[in-house]
Amino acid sequence: MKKNKVFAAVFCMLLMIFTGASDALRGVFLPLFRDHFALSQSQASRIIMMSYVGNLIFLLVGGYLADRLPRKRFIAGVMLLWMGALATYVFTDNYIVLLFTIMFSLGASTMLSTTVNLITPALFAAPAFFVNIFNFIQGIGITGSQNIGGRFSSKMSSWHAANAIILVCAAVCLILLFTLKLPDPEPHSRGVIESYKMVLKNPACKYLVLICGCYFIAEHGLQNWLTSYGSQYLGFTVSRSAMFLSIFFGAMTVGRLILAQPVEKMGVLRSLIVCGVAASVLYTVGMAMERKGIYLICAAGFAFSILYPTIVLLICEFYDSSLAGAATGFMIAVSTLFDIGFNAFFGSFVSAVGYRIAMFVLPIATIVMTAMLITLHIKFRAKKA
């Protein structure tokens, strides 16, 4: 039993680091794709959009199947789809093929990292600790892929080689998977529609949707817009603005390591509220202080660190284990729609009102997320009482 847990921990860490590395390559090589395929701005943006489409499909369908199929069979199936996409990357040099392959690779890798978060409570006695450690490891994969890939991102041959390396690593993970004993989900005979109806009927659903959606806007909005905000409004150079973004995500990665144990001791919901309040204060004051507050925004990354992986655990606390996959898939899929809507309109919003006002959408989203967490805590405590 102990040996199985050790192998399971190794498997989860390897899978998280390689899915993180795979996901990060898209952004690193996007300028190369634009030049290599002579893409317009709208054609290049379709690469990002197809990754969102892949996430939606895999999370909605995969979330349901995660509750129905034996765990190893489900993970192996998604891994094979992911590996098939990686193999296609290695051999293709076609824009249309690249578009559809990105849908499969990003969708499958998102589903795999979500599944790691789902199975952690069933495998380990300290799930909050392990889920944050696994996401810390994924952060290393993302950062390493960005740093190493960025040095070799001027040729398509580097794109092919990088994916070939990740493909070999994925094959090692697949072999390791077959040595594990994973707990299967509770058997049930519900159809897809019935499962999602049950997800929606849960009184906590509306709060969880807002928590996940606002988190995605708050974090991904900064990821997509901080460099532009810093260079076009605050007066920093592009390279220095990008450095601030790196500090934010560096603080997030370190925070997952340092805060993993305190989260386990404090409990899921309480730790989310504490970090949500800290993130809201740092984010809001940092935006209000503009240029002088940029390091407060960077420091908010530390408070943001445990939010996403711990929110996934929070979803599982409000749903029966036979619905955990469908509920988590649904919440993250809907949050992806929040993301799509935000990215579709935020550029126009900036043009209309300027960065000074527009960027406050991000701390407001953080405040709304924290308010929903506090509301859940009050209702949950009342129910327990």
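Among residues other than Leu39 with Cβ under 15 Å from its Cβ, the summed charge is +1 (Lys and Arg +1, Asp and Glu -1).
If R0 is 22 Å, the Cβ-Cβ spacing of Phe178 and Ala125 corresponds to a FRET efficiency of close to 0.35. Cβ crowding within 10 Å ranks Thr92, Thr120, Thr328, Thr253 as Thr92, Thr253, Thr120, Thr328, fewest other Cβ atoms first.
Using the Cβ-Cβ distance between Thr375 and Ser321 with R0 set to 22 Å, the FRET efficiency works out to roughly 0.35.
Measure up Lys5/Lys265; Lys2/Lys72; Lys201/Lys379; Lys206/Lys379; Lys72/Lys197; Lys5/Lys72 against 24 Å on the Cα-Cα distance and list the ones that go over. Result: Lys72/Lys197 exceed 24 Å.
What is the calculated FRET efficiency for Tyr295 to Glu194, with r their C-beta to C-beta distance and R₀ = 56 Å, to the nearest 0.05? Plugging the Cβ-Cβ distance into 1/(1 + (r/R0)^6) gives 0.65. Let me make sure I get this right: for the stretch 320-381, a, b and c are the square roots of the gyration tensor eigenvalues over alpha carbons, sorted descending. Under 1.5 in a/c it's rounded, otherwise prolate if a/b > b/c, else oblate. Which is it? Oblate, since a/c reaches 1.5 and b/c is not below a/b. When Cα extents along the principal axes in Å is calculated for this entry, the matching label among (1) 78, 62, 41; (2) 56, 55, 38; (3) 56, 47, 47 is (2). Mind running the shape call on the stretch 102-157? Use the C-alpha gyration tensor, a ≥ b ≥ c as the square roots of the eigenvalues: rounded below 1.5 for a/c, prolate if a/b tops b/c, oblate otherwise. Verdict is oblate for the stretch 102-157.
For a straight C-alpha distance cut-off of 16 angstrom, the aspartates and glutamates reachable from Lys155 (same-chain residues fewer than eight places away being disregarded) are Asp35, Asp93.
When the helices in the chain are scored as -39500 (n - 2.57) per DSSP H run of 4 or longer and the sum is shared across all residues, what 222 nm value do you end up with, to the nearest 500 deg cm²/dmol?
-29000 deg cm²/dmol
The C-alpha radius of gyration of the stretch 264-345, expressed as a fraction of 2.2 N^0.38 Å, stands at 1.32. Could you compute how fast the stretch 2-181 diffuses translationally, taking Rh as the Kirkwood radius over C-alpha pairs and applying Stokes-Einstein at 37 °C with viscosity 0.692 mPa s? Give it in µm² per second. Estimated via Stokes-Einstein, D reaches 197 µm²/s.
Sorted fewest first by neighbouring Cβ atoms within 10 angstrom, Leu200, Leu30, Leu226, Leu373 come out as Leu200, Leu30, Leu226, Leu373.
Between the amide H of Phe37 and any residue lying 5 or more places away or on another chain, no distance stays under 5 Å, with hydrogens modeled in the peptide plane. Label-to-label distance for Arg240 and Leu39 is 3.1 nm, based on points extended 7 Å past Cα in the beta-carbon direction. Placing pseudo-labels 7 Å out from each Cα toward the beta carbon at Leu99 and Glu186 gives an inter-label distance of 4.4 nm.
Only the coordinates and a few stated rules stand behind these numbers; no lab work does. These numbers come from a predicted model, not from an experiment. FYI the Cβ positions are ideal-geometry reconstructions off the backbone, even for glycines, and counts take in every protein chain you see.
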